[in-house]
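What follows is one structure encoded as C-alpha coordinates, with my remarks underneath.
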Amino acid sequence: MISAQIIKQSISQLQAITRVDLTVMDLAGGIVASTKDGEDIDSSLVVSFANSPVDSQAIGNRHLLKIMDDNEPAYILIASGNDEGAYTIGKICVCQLQDLIVAYKERFDRNNFFQNLMLDNLLLIDIYNRAKKLHIDAVRPRVVIIVETGKDNDNTVSELLGSIYTTQAGDYITAVDENSVILIKSVDNPDSYDEIAHIATTIVDMMNTEAMLNARVAYGTIVGELKDLSKSYKEAKMALEVGKIFYAERNVNAYNTLGIGRLIYQLPVNLCHIFLEEIFGDNDVLDQLDEETLSTIAKFFENNLNVSETSRQLFVHRNTLVYRIEKLERSTGLDIRKFDDALTFKIALMVSNYIKYLDANEY
(Lines give C-alpha, C1' and ligand atoms only; values in the text may rest on other atoms or scores of the structure.)
Protein backbone atom coordinates (compact mmCIF):
# COMPACT_ATOMS: atom_id res chain seq x y z
CA MET A 1 0.00 0.00 0.00
CA ILE A 2 1.09 3.57 -0.66
CA SER A 3 2.85 5.18 2.31
CA ALA A 4 1.51 8.05 4.42
CA GLN A 5 4.58 10.09 3.49
CA ILE A 6 3.78 9.86 -0.23
CA ILE A 7 0.15 10.80 0.42
CA LYS A 8 1.24 13.78 2.53
CA GLN A 9 3.63 14.95 -0.18
CA SER A 10 0.97 14.64 -2.87
CA ILE A 11 -1.79 16.55 -1.08
CA SER A 12 0.65 19.21 0.14
CA GLN A 13 1.74 19.97 -3.42
CA LEU A 14 -1.88 20.27 -4.53
CA GLN A 15 -2.78 22.47 -1.54
CA ALA A 16 0.14 24.80 -2.29
CA ILE A 17 -1.28 25.38 -5.78
CA THR A 18 -5.02 25.55 -5.03
CA ARG A 19 -5.09 26.80 -1.40
CA VAL A 20 -7.72 24.15 -0.64
CA ASP A 21 -7.02 22.15 2.53
CA LEU A 22 -7.03 18.40 2.03
CA THR A 23 -7.16 15.55 4.53
CA VAL A 24 -6.88 11.81 3.87
CA MET A 25 -8.40 9.45 6.41
CA ASP A 26 -8.49 5.68 6.68
CA LEU A 27 -11.76 3.76 6.70
CA ALA A 28 -11.81 3.69 10.51
CA GLY A 29 -11.74 7.50 10.72
CA GLY A 30 -8.04 7.93 11.56
CA ILE A 31 -6.08 10.73 9.90
CA VAL A 32 -3.43 9.45 7.47
CA ALA A 33 -2.21 12.85 6.22
CA SER A 34 -3.51 16.42 6.28
CA THR A 35 -2.57 19.90 5.11
CA LYS A 36 -4.65 21.43 7.89
CA ASP A 37 -3.37 21.51 11.46
CA GLY A 38 -5.90 20.35 14.04
CA GLU A 39 -8.36 18.83 11.57
CA ASP A 40 -11.38 17.84 13.65
CA ILE A 41 -14.10 15.64 12.21
CA ASP A 42 -16.26 13.01 13.82
CA SER A 43 -14.75 9.65 12.88
CA SER A 44 -18.20 8.04 12.99
CA LEU A 45 -19.25 10.27 10.06
CA VAL A 46 -16.26 9.06 8.06
CA VAL A 47 -17.00 5.41 8.88
CA SER A 48 -20.66 5.88 7.96
CA PHE A 49 -19.71 7.50 4.64
CA ALA A 50 -17.17 4.76 3.90
CA ASN A 51 -19.88 2.11 4.33
CA SER A 52 -22.44 4.01 2.25
CA PRO A 53 -23.02 3.38 -1.50
CA VAL A 54 -22.37 7.02 -2.49
CA ASP A 55 -19.02 8.24 -3.85
CA SER A 56 -19.18 11.74 -2.39
CA GLN A 57 -20.98 13.66 0.34
CA ALA A 58 -20.98 17.24 1.63
CA ILE A 59 -21.02 17.91 5.38
CA GLY A 60 -20.99 21.64 6.07
CA ASN A 61 -18.03 23.11 4.21
CA ARG A 62 -16.36 19.73 3.89
CA HIS A 63 -16.57 17.51 0.80
CA LEU A 64 -16.03 13.81 1.50
CA LEU A 65 -14.89 11.63 -1.41
CA LYS A 66 -13.87 8.00 -1.65
CA ILE A 67 -10.43 6.98 -2.91
CA MET A 68 -10.88 3.59 -4.57
CA ASP A 69 -8.57 0.63 -5.00
CA ASP A 70 -9.88 -2.18 -7.24
CA ASN A 71 -13.41 -0.77 -6.91
CA GLU A 72 -13.21 -0.90 -3.13
CA PRO A 73 -12.79 2.15 -0.81
CA ALA A 74 -9.18 2.49 0.36
CA TYR A 75 -9.21 5.99 1.92
CA ILE A 76 -11.54 8.93 2.44
CA LEU A 77 -10.54 12.37 1.16
CA ILE A 78 -11.88 15.55 2.77
CA ALA A 79 -11.64 18.79 0.78
CA SER A 80 -12.47 21.87 2.87
CA GLY A 81 -14.23 24.82 1.17
CA ASN A 82 -17.69 26.27 0.61
CA ASP A 83 -17.56 26.66 -3.17
CA GLU A 84 -17.75 24.20 -6.04
CA GLY A 85 -14.03 24.65 -6.60
CA ALA A 86 -13.16 22.74 -3.43
CA TYR A 87 -15.21 19.77 -4.65
CA THR A 88 -13.45 19.87 -8.05
CA ILE A 89 -10.03 20.03 -6.39
CA GLY A 90 -11.04 17.07 -4.26
CA LYS A 91 -11.98 15.07 -7.36
CA ILE A 92 -8.61 15.91 -8.95
CA CYS A 93 -6.81 14.80 -5.79
CA VAL A 94 -8.77 11.53 -5.73
CA CYS A 95 -7.74 10.78 -9.31
CA GLN A 96 -4.12 11.57 -8.50
CA LEU A 97 -4.04 9.35 -5.41
CA GLN A 98 -5.81 6.49 -7.19
CA ASP A 99 -3.20 6.62 -9.96
CA LEU A 100 -0.45 6.57 -7.32
CA ILE A 101 -2.00 3.51 -5.66
CA VAL A 102 -2.07 1.66 -8.99
CA ALA A 103 1.52 2.67 -9.78
CA TYR A 104 2.82 1.56 -6.37
CA LYS A 105 0.91 -1.72 -6.55
CA GLU A 106 2.34 -2.41 -9.99
CA ARG A 107 5.83 -1.59 -8.73
CA PHE A 108 5.40 -3.91 -5.76
CA ASP A 109 4.05 -6.68 -7.98
CA ARG A 110 7.02 -6.32 -10.31
CA ASN A 111 9.45 -6.44 -7.41
CA ASN A 112 7.74 -9.53 -6.06
CA PHE A 113 7.75 -11.11 -9.51
CA PHE A 114 11.46 -10.51 -10.13
CA GLN A 115 12.42 -11.61 -6.62
CA ASN A 116 10.62 -14.92 -7.04
CA LEU A 117 12.03 -15.26 -10.55
CA MET A 118 15.60 -14.82 -9.28
CA LEU A 119 15.06 -17.42 -6.57
CA ASP A 120 13.42 -19.98 -8.91
CA ASN A 121 10.13 -19.83 -7.02
CA LEU A 122 7.90 -19.68 -10.12
CA LEU A 123 6.60 -22.35 -12.46
CA LEU A 124 7.28 -21.81 -16.15
CA ILE A 125 3.62 -21.14 -16.94
CA ASP A 126 3.42 -18.63 -14.07
CA ILE A 127 6.44 -16.72 -15.41
CA TYR A 128 4.79 -16.08 -18.76
CA ASN A 129 1.32 -15.38 -17.34
CA ARG A 130 2.56 -12.87 -14.76
CA ALA A 131 4.95 -11.25 -17.22
CA LYS A 132 2.07 -10.63 -19.60
CA LYS A 133 -0.06 -9.17 -16.82
CA LEU A 134 2.78 -6.86 -15.72
CA HIS A 135 3.60 -5.82 -19.31
CA ILE A 136 7.10 -7.30 -19.23
CA ASP A 137 8.56 -8.69 -22.47
CA ALA A 138 9.20 -12.40 -22.07
CA VAL A 139 11.67 -12.58 -24.95
CA ARG A 140 14.36 -9.92 -24.75
CA PRO A 141 18.14 -10.00 -24.11
CA ARG A 142 18.83 -9.18 -20.46
CA VAL A 143 21.63 -9.52 -17.94
CA VAL A 144 21.61 -9.46 -14.14
CA ILE A 145 24.00 -7.00 -12.49
CA ILE A 146 24.49 -7.20 -8.70
CA VAL A 147 25.65 -4.10 -6.81
CA GLU A 148 27.00 -4.68 -3.29
CA THR A 149 28.16 -1.84 -1.06
CA GLY A 150 29.12 -3.74 2.07
CA LYS A 151 26.37 -2.14 4.17
CA ASP A 152 22.66 -2.62 4.68
CA ASN A 153 20.64 -1.37 1.73
CA ASP A 154 19.26 2.05 2.75
CA ASN A 155 17.61 2.75 -0.65
CA THR A 156 20.47 5.05 -1.67
CA VAL A 157 21.79 2.52 -4.17
CA SER A 158 18.30 1.81 -5.55
CA GLU A 159 17.55 5.51 -5.94
CA LEU A 160 20.82 6.22 -7.74
CA LEU A 161 20.33 3.31 -10.10
CA GLY A 162 16.68 4.25 -10.65
CA SER A 163 17.69 7.75 -11.73
CA ILE A 164 19.55 6.27 -14.72
CA TYR A 165 18.01 2.88 -15.50
CA THR A 166 14.23 3.07 -15.89
CA THR A 167 11.39 0.69 -16.63
CA GLN A 168 10.62 2.71 -19.76
CA ALA A 169 13.95 1.49 -21.16
CA GLY A 170 13.16 -2.08 -20.10
CA ASP A 171 15.39 -2.03 -17.00
CA TYR A 172 14.21 -3.15 -13.56
CA ILE A 173 15.68 -2.74 -10.08
CA THR A 174 14.97 -5.09 -7.20
CA ALA A 175 16.68 -6.84 -4.27
CA VAL A 176 16.64 -10.25 -2.63
CA ASP A 177 18.72 -9.42 0.44
CA GLU A 178 19.71 -6.43 2.58
CA ASN A 179 23.27 -6.05 1.33
CA SER A 180 22.91 -5.78 -2.42
CA VAL A 181 20.71 -4.39 -5.17
CA ILE A 182 19.93 -6.16 -8.44
CA LEU A 183 19.77 -4.33 -11.76
CA ILE A 184 18.07 -6.33 -14.51
CA LYS A 185 19.53 -4.61 -17.57
CA SER A 186 17.95 -4.85 -20.99
CA VAL A 187 20.39 -4.91 -23.92
CA ASP A 188 19.95 -4.68 -27.68
CA ASN A 189 22.66 -7.16 -28.62
CA PRO A 190 23.08 -10.58 -26.95
CA ASP A 191 26.86 -10.17 -27.32
CA SER A 192 27.10 -6.69 -25.75
CA TYR A 193 29.59 -7.67 -23.04
CA ASP A 194 31.79 -4.60 -23.64
CA GLU A 195 28.73 -2.42 -23.03
CA ILE A 196 27.88 -4.31 -19.83
CA ALA A 197 31.46 -3.97 -18.59
CA HIS A 198 31.27 -0.21 -19.19
CA ILE A 199 27.93 0.00 -17.34
CA ALA A 200 29.38 -1.93 -14.37
CA THR A 201 32.39 0.40 -14.18
CA THR A 202 30.10 3.42 -14.41
CA ILE A 203 28.03 2.12 -11.48
CA VAL A 204 31.14 1.69 -9.32
CA ASP A 205 32.26 5.25 -10.11
CA MET A 206 28.77 6.65 -9.51
CA MET A 207 28.45 4.97 -6.10
CA ASN A 208 31.85 6.31 -5.11
CA THR A 209 31.31 9.91 -6.23
CA GLU A 210 27.58 10.35 -5.54
CA ALA A 211 27.13 8.33 -2.34
CA MET A 212 30.72 7.81 -1.10
CA LEU A 213 30.14 4.05 -1.21
CA ASN A 214 32.79 1.50 -2.09
CA ALA A 215 30.76 -0.79 -4.35
CA ARG A 216 31.53 -4.19 -5.81
CA VAL A 217 29.69 -5.06 -9.01
CA ALA A 218 29.27 -8.45 -10.66
CA TYR A 219 27.24 -9.66 -13.61
CA GLY A 220 26.28 -12.93 -15.27
CA THR A 221 25.85 -13.88 -18.90
CA ILE A 222 23.27 -12.31 -21.20
CA VAL A 223 20.12 -14.45 -21.56
CA GLY A 224 17.50 -14.17 -24.25
CA GLU A 225 14.37 -15.12 -22.31
CA LEU A 226 12.81 -14.15 -19.02
CA LYS A 227 12.73 -17.76 -17.81
CA ASP A 228 16.55 -17.90 -17.93
CA LEU A 229 17.06 -14.78 -15.81
CA SER A 230 17.64 -16.83 -12.64
CA LYS A 231 20.63 -18.41 -14.43
CA SER A 232 22.17 -14.98 -15.01
CA TYR A 233 21.47 -14.08 -11.36
CA LYS A 234 23.20 -17.22 -10.05
CA GLU A 235 26.17 -16.51 -12.30
CA ALA A 236 26.38 -12.90 -11.08
CA LYS A 237 26.20 -14.06 -7.48
CA MET A 238 29.01 -16.55 -8.09
CA ALA A 239 31.07 -13.83 -9.81
CA LEU A 240 30.61 -11.63 -6.74
CA GLU A 241 31.80 -14.34 -4.36
CA VAL A 242 34.66 -15.53 -6.56
CA GLY A 243 35.79 -11.94 -6.98
CA LYS A 244 36.00 -11.47 -3.21
CA ILE A 245 38.15 -14.58 -2.83
CA PHE A 246 40.51 -14.48 -5.78
CA TYR A 247 40.32 -11.00 -7.28
CA ALA A 248 39.94 -8.71 -4.29
CA GLU A 249 41.66 -5.88 -6.12
CA ARG A 250 38.85 -5.73 -8.71
CA ASN A 251 35.64 -3.78 -8.17
CA VAL A 252 33.97 -5.37 -11.21
CA ASN A 253 33.79 -9.10 -11.92
CA ALA A 254 32.10 -10.85 -14.83
CA TYR A 255 31.09 -14.50 -14.76
CA ASN A 256 32.63 -15.16 -18.17
CA THR A 257 36.04 -13.78 -17.12
CA LEU A 258 36.51 -15.59 -13.80
CA GLY A 259 38.93 -18.11 -15.30
CA ILE A 260 40.46 -20.67 -12.96
CA GLY A 261 38.92 -18.96 -9.93
CA ARG A 262 35.50 -20.24 -10.98
CA LEU A 263 36.86 -23.78 -11.27
CA ILE A 264 38.44 -23.71 -7.81
CA TYR A 265 35.28 -22.21 -6.28
CA GLN A 266 33.31 -25.29 -7.34
CA LEU A 267 35.81 -27.81 -5.89
CA PRO A 268 34.90 -29.75 -2.72
CA VAL A 269 36.96 -28.48 0.21
CA ASN A 270 38.43 -31.93 0.94
CA LEU A 271 39.97 -32.02 -2.55
CA CYS A 272 41.50 -28.60 -1.90
CA HIS A 273 43.19 -29.87 1.27
CA ILE A 274 44.46 -32.97 -0.54
CA PHE A 275 45.90 -30.79 -3.34
CA LEU A 276 47.86 -28.60 -0.90
CA GLU A 277 49.13 -31.61 1.04
CA GLU A 278 50.41 -33.21 -2.17
CA ILE A 279 52.45 -30.09 -2.96
CA PHE A 280 53.63 -28.88 0.45
CA GLY A 281 53.07 -31.88 2.71
CA ASP A 282 51.88 -31.07 6.22
CA ASN A 283 53.68 -27.71 6.32
CA ASP A 284 51.66 -24.50 6.30
CA VAL A 285 54.15 -22.91 3.94
CA LEU A 286 51.73 -20.44 2.37
CA ASP A 287 50.56 -19.17 5.76
CA GLN A 288 54.16 -18.34 6.68
CA LEU A 289 54.75 -16.02 3.70
CA ASP A 290 55.06 -12.35 4.66
CA GLU A 291 53.47 -9.42 2.82
CA GLU A 292 56.75 -8.47 1.12
CA THR A 293 57.11 -11.95 -0.36
CA LEU A 294 53.48 -12.10 -1.46
CA SER A 295 53.65 -8.68 -3.14
CA THR A 296 56.89 -9.69 -4.87
CA ILE A 297 55.26 -12.88 -6.18
CA ALA A 298 52.17 -10.98 -7.34
CA LYS A 299 54.29 -8.45 -9.24
CA PHE A 300 56.41 -11.25 -10.74
CA PHE A 301 53.30 -13.00 -12.06
CA GLU A 302 51.89 -9.68 -13.27
CA ASN A 303 55.03 -9.23 -15.41
CA ASN A 304 54.82 -12.72 -16.92
CA LEU A 305 57.80 -14.11 -14.93
CA ASN A 306 60.11 -11.38 -16.24
CA VAL A 307 62.82 -10.85 -13.59
CA SER A 308 64.25 -7.64 -15.05
CA GLU A 309 60.90 -5.86 -15.43
CA THR A 310 59.72 -7.00 -11.99
CA SER A 311 62.86 -5.74 -10.26
CA ARG A 312 62.52 -2.41 -12.07
CA GLN A 313 58.90 -1.95 -10.95
CA LEU A 314 59.72 -2.99 -7.38
CA PHE A 315 62.75 -0.65 -7.30
CA VAL A 316 65.04 -3.46 -6.15
CA HIS A 317 68.25 -4.87 -7.62
CA ARG A 318 67.85 -7.87 -9.90
CA ASN A 319 69.99 -9.98 -7.54
CA THR A 320 67.73 -9.04 -4.63
CA LEU A 321 64.70 -10.30 -6.53
CA VAL A 322 66.52 -13.50 -7.50
CA TYR A 323 67.45 -14.02 -3.83
CA ARG A 324 63.79 -13.69 -2.80
CA ILE A 325 62.71 -16.18 -5.46
CA GLU A 326 65.38 -18.69 -4.45
CA LYS A 327 64.41 -18.27 -0.80
CA LEU A 328 60.82 -19.09 -1.77
CA GLU A 329 62.06 -22.14 -3.69
CA ARG A 330 63.88 -23.44 -0.60
CA SER A 331 60.72 -23.18 1.54
CA THR A 332 58.18 -24.45 -1.01
CA GLY A 333 60.19 -26.62 -3.41
CA LEU A 334 58.85 -24.58 -6.35
CA ASP A 335 60.95 -22.38 -8.61
CA ILE A 336 58.44 -19.82 -9.88
CA ARG A 337 60.82 -18.78 -12.66
CA LYS A 338 59.73 -22.01 -14.37
CA PHE A 339 56.29 -21.93 -15.95
CA ASP A 340 55.07 -25.26 -14.52
CA ASP A 341 56.17 -24.39 -10.99
CA ALA A 342 54.75 -20.89 -11.31
CA LEU A 343 51.39 -22.32 -12.43
CA THR A 344 51.37 -24.82 -9.57
CA PHE A 345 52.21 -22.11 -7.03
CA LYS A 346 49.56 -19.74 -8.42
CA ILE A 347 46.85 -22.40 -8.19
CA ALA A 348 47.99 -23.43 -4.71
CA LEU A 349 47.83 -19.84 -3.52
CA MET A 350 44.28 -19.48 -4.90
CA VAL A 351 43.22 -22.77 -3.30
CA SER A 352 44.64 -21.61 0.03
CA ASN A 353 42.73 -18.34 -0.19
CA TYR A 354 39.55 -20.29 -0.99
CA ILE A 355 39.98 -22.49 2.11
CA LYS A 356 40.59 -19.40 4.27
CA TYR A 357 37.42 -17.81 2.88
CA LEU A 358 35.38 -20.91 3.70
CA ASP A 359 36.81 -21.05 7.23
CA ALA A 360 36.16 -17.34 7.82
CA ASN A 361 32.55 -17.70 6.69
CA GLU A 362 32.07 -21.02 8.54
CA TYR A 363 31.06 -23.03 5.50
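The values are calculated or read from the model by the stated rules, or taken from the named source; none is laboratory data. None of these values were measured; they are calculated from a predicted model. With ideal geometry, Cβ positions are generated from the backbone for all residues, glycine too; neighbour counts draw on all protein chains shown. Note: accessible area is taken over every heavy atom of the protein model, side chains too, but ligands, DNA and RNA are not part of it. Shrake-Rupley method; radii C 1.70, N 1.55, O 1.52, S 1.80 Å.
Helical content of the chain, expressed as a calculated mean residue ellipticity at 222 nm, amounts to -16500 deg cm²/dmol (DSSP H runs of 4 or more residues, -39,500 (n - 2.57) each, divided by residue number, nearest 500).
Can you tell me the orientation of helix 339-360 relative to the chain, as the angle in degrees between its alpha-carbon axis and the longest Cα principal axis, to the nearest 10? Orientation of helix 339-360: about 40 degrees from the principal axis. The per residue volume of the convex hull around the alpha-carbon atoms of the stretch 78-224 is 154 Å³. Computed 3J(HN,Hα) for the stretch 182-194, one whole-Hz value per residue from the Karplus formula 6.51 cos²θ - 1.76 cosθ + 1.60 where θ = phi - 60°, is 10, 9, 9, 9, 7, 10, 7, 10, x, 10, 7, 6, 5, glycine and proline marked x.
Rounded to the nearest Hz, the phi-derived 3J(HN,Hα) couplings of the stretch 121-135 under the Karplus curve 6.51 cos²θ - 1.76 cosθ + 1.60 (θ = phi - 60°) are 9, 10, 6, 4, 5, 5, 4, 6, 5, 6, 4, 5, 5, 8, 6, where x marks glycine and proline. For the stretch 125-269, the per residue solvent-accessible surface stands at 48 Å², with DNA, RNA and ligands left out and a 1.4 Å probe.
On full extension, the segment bounded by residue 133 and residue 192 gains 18.4 nm, given 0.36 nm per residue less the C-alpha separation. The Cα atoms of the chain define a convex hull whose projected area, averaged across directions, is 25.6 nm².
The packing ranking, built from the mean of other Cβ atoms within 10 Å per residue, places the peptides 77-89, 295-307 in the order 77-89, 295-307, highest first. Stretching residue 177 away from residue 302 to a fully extended chain increases their span by 41.4 nm, per 0.36 nm per residue minus the current alpha-carbon distance. Amide H to amide H distances under 5 Å link residue 253 with 217, 218, 219, where only residues 5 or more positions off or on other chains count and H is placed in the peptide plane.
The value obtained for the stretch 229-363, namely the Cα convex hull volume divided by the number of residues, is 122 Å³ per residue.
A simple rule links phi to the HN-Hα coupling: the Karplus curve 6.51 cos²θ - 1.76 cosθ + 1.60 with θ = phi - 60°, which for the stretch 55-71 gives 8, 8, 7, 9, 10, x, 9, 10, 10, 9, 9, 8, 9, 9, 9, 6, 6 Hz, with x for Gly and Pro. Normalised by 2.2 N^0.38 Å, where N is the number of residues, the alpha-carbon radius of gyration of the stretch 151-232 equals 1.08.
Temperature 25 °C, viscosity 0.890 mPa s: under these conditions the Stokes-Einstein estimate for the stretch 1-113, based on its Kirkwood radius over C-alpha pairs, is 173 µm² per second.
Going by a ≥ b ≥ c, the root eigenvalues of the Cα gyration tensor, does the stretch 1-44 fall in the rounded group (a/c under 1.5), the prolate group (a/b larger than b/c) or the oblate group? Cα axes put the stretch 1-44 in the oblate bin.
The fraction of accessible area contributed by carbon and sulfur in the chain is 49 percent, rounded to a whole number (1.4 Å probe; ligands and nucleic acids excluded).
Accessible surface for the stretch 305-363, divided over its residues, is 61 Å² per residue with a 1.4 Å probe. What FRET efficiency would be calculated for the residue pair residue 269, residue 294, taking the C-beta separation as r and a Förster radius of 25 Å, to the nearest 0.05? Approximately 0.65, to the nearest 0.05. Close amide H partners of residue 75, meaning residues 5 or more places away or on another chain with modelled amide H under 5 Å apart, are 67.
Our summary gives the chain a relative contact order of 10 percent, counting only alpha carbon pairs under 8 angstrom and 6 or more residues apart. Packing, as the average of other Cβ atoms within 10 Å across residues, places the peptides 279-288, 320-329 in the order 320-329, 279-288, highest first.
Relative protection proxy for 7-13, 236-242, from highest mean packing down: 236-242, 7-13 (other beta-carbon atoms within 10 angstrom).
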